[in-house]
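The block underneath contains the structure these notes are about, expressed in structure tokens.
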Amino acid sequence: MDTQVLGISVDSSDCLYAWAESLGGITFPLLSDFFPHGRVAQLYGVLRPEGYSERAIFVIDKRGVIRYVDVHPIDDQPDNEVLFAELYKLEPELAEKDRQFLQRQQQTAAAAEPPSPAAQVVMYCTPWCPACRRARAYLNEKKIPFVEVDISRDRAAAAQVRQWANGNETTPTFLINGKVIVNFHVEELEEALRGIPAP
């Protein structure tokens, strides 16, 4: 598709560079909305009074018209299929060709076995998820051994998380001795982790 992805944040360019480096690099341009602080976010209606922006996706056509808006919690990963559907509306002549390609990808992911690492605690996460970082620190502090599965790279795992989280790619999601916990809820984690010995 003839589409350009741009990331924009109210953080400084140095902060964005460090963030991209921490992820091992990203494949799309990052723009800083640092000065005047949050001006672009304000124009798009997503700047909070505290000075930071909502997490939002805007699909803008070639004439500069906003065609789709999704404002969502920072820990939620939007469904790519919804975004593809919106993009198809902008380029209907490519929709069927791309739809067939996406369907083949989905069938491949669905046919793959969801990962079942040999661990009592599995955390399904993404590299950019703040709650995942907090959950990782929590588990490390408790000295609980766990396995991480990055759903941004493992689409079979992402499909599994969507089944558990009502169609959303919510991270972190935990599988603890067969019990699923969607999101970083400390009380639920503590209850599920009882009986797992620290090394």
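Within the option set N177, N140, being more than 14 Å from the chain's Cα centre (by Cα), closer than 25 Å to S22 by Cα and polar (S, T, N, Q) holds for one residue only, N140. Given the criteria aromatic (F, W, Y) and not in a strand (DSSP E or B), does F58 qualify? Considered against the rule, which asks whether it is aromatic (F, W, Y) and not in a strand (DSSP E or B), F58 comes out as no.
Determine, yes or no, whether P117 is closer than 30 Å to N166 by Cβ and at pLDDT below 80. I'd like the intermediate steps shown before the answer.
Values: closer than 30 Å to N166 by Cβ: yes; at pLDDT below 80: yes.
Spelling it out, P117 is indeed closer than 30 Å to N166 by Cβ and at pLDDT below 80.
When residues in the stretch 10-47 are screened for being touching a helix residue (DSSP H, G or I) at 6+ places or on another chain (Cβ under 6 Å) and either outside any loop (DSSP other than H, G, I, E, B) or surrounded by fewer than 13 Cβ atoms within 10 Å (Cβ to Cβ) (or both), 3 of them pass.
Give the residues of the stretch 147-195 that are under 20 Å from R134 (Cα atoms), aromatic (F, W, Y) and touching a strand residue (DSSP E or B) at 6+ places or on another chain (Cβ under 6 Å), sorted by residue number. F174 - this is the single residue of the stretch 147-195 that is under 20 Å from R134 (Cα atoms), aromatic (F, W, Y) and touching a strand residue (DSSP E or B) at 6+ places or on another chain (Cβ under 6 Å). Among the residues of the stretch 48-55, some residue qualifies, meaning at least one is at positive phi and loosely packed, with under 13 Cβ neighbours inside 10 Å. Looking only at the stretch 71-95, residues that are without any contact (Cβ under 8 Å) to a residue 60 or more places away in the chain and under 19 Å from A165 (Cβ atoms) come to 8 in all.
With respect to the conditions (1) crowded, with 20+ Cβ neighbours inside 10 Å; (2) within 17 Å of D75 (Cα to Cα), L175 lacks only one, and its number is (2).
If the condition is being touching a Lys or Arg at 6+ places or on another chain (Cβ under 8 Å) and either touching a residue at least 12 places away in the same chain (Cβ under 8 Å) or outside the structural domain of D14 (by TED's automatic domain parsing) (or both), then the stretch 33-60 contributes D33, E54, V59.
The values are calculated or read from the model by the stated rules, or taken from the named source; none is laboratory data. In this text, all values refer to a predicted model and were calculated from it rather than measured experimentally. When we count neighbours, we look across all protein chains shown, and the Cβ atoms used for this are built from the backbone with ideal geometry, even at glycine.
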